[in-house]
Amino acid sequence: MAVRASLNLTRQTFTHEAAINWFPGHMAKGLKQMRDQMRTIDLIIETRDARIPLSSINMEFERLVGSKARLIVYNKADLAPVDIQLKVQEEMAKRQQRAIFTDANKKVSHILDIAVDIAKRDPVKYPQFSIMVVGMPNVGKSSLINALRRTGVNRGKAASTGAKPGVTRAVSSKIRVFDKPPIYLLDTPGVMMPHIPDTMTAIKVALTGM
């Protein structure tokens, strides 16, 4: 009876009538800086969390990117079930969007290969190739940039990282990650959705530390 009683007390649903709002000033400022830099950018790397591939999509980036070339990178793949990764890759392929799963170590060279390939197609158009790395807080953007720099030019840490979200609070200066052709990255602050109307999405975002 005690077990049954405890089961009856288990919460089966999560209801919250109000939308979740958390959009600090540095995020709004960062988003504006991204828009201002967009005309100088050749490729967007949108970093998402492989553990919550849908909940880590920020529609603000959809509006920001527009028609720019974009590569979706699902980071922290070592913490995500392989079957989920396969399903996401299938759906992305249907939408003709490029997606890579990584843990900021594996397949990092593949990300560089894609950028190098685009840059080499038209050296006149791309005397230097600029990439902006965007994503929600704590998806590992700075760790990814450091891994790309380590792989591309064999140099150490360039972007600050930390266990807590919000370490990067402004768009960085350009970080060189490849020499021939010259490829540069811009690190950006993690930007949340201004409003999260769906309770389950908010819970998933909170549980993964965003």
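For the stretch 91-139, a simple Cβ point-charge model (Lys and Arg +1, Asp and Glu -1, everything else neutral) yields a dipole of about 140 debye relative to the Cα centre. Projected onto its three principal axes, the C-alpha set of the stretch 25-118 covers 38, 33, 27 Å, listed from the longest axis down. One decimal place: the segment Gln97-Thr151 gains 17.0 nm when fully extended, by the rule 0.36 nm per residue minus the C-alpha distance. Using a Förster radius of 25 Å, what is the FRET efficiency between Arg39 and Met59 based on their Cβ-Cβ separation? Nearest 0.05, please. My answer for the efficiency is 0.70. Model label sites at Asn105 and Asp198, defined 7 Å from Cα along the beta-carbon direction, differ in position by 3.2 nm. Dipole magnitude for the stretch 28-174: computed about the Cα centre from +1 point charges on Lys and Arg Cβ and -1 point charges on Asp and Glu Cβ, it is near 480 debye. Using Cβ point charges alone (K and R +1, D and E -1), the dipole size of the stretch 40-101 about the Cα centre works out to roughly 120 debye.
A short reminder: the numbers here are calculations on the coordinates, not readings from a lab. All values derive from a computational prediction rather than experimental measurement. Cβ coordinates were reconstructed from backbone atoms using ideal geometry, including for glycine residues, and neighbour counts include every protein chain displayed.
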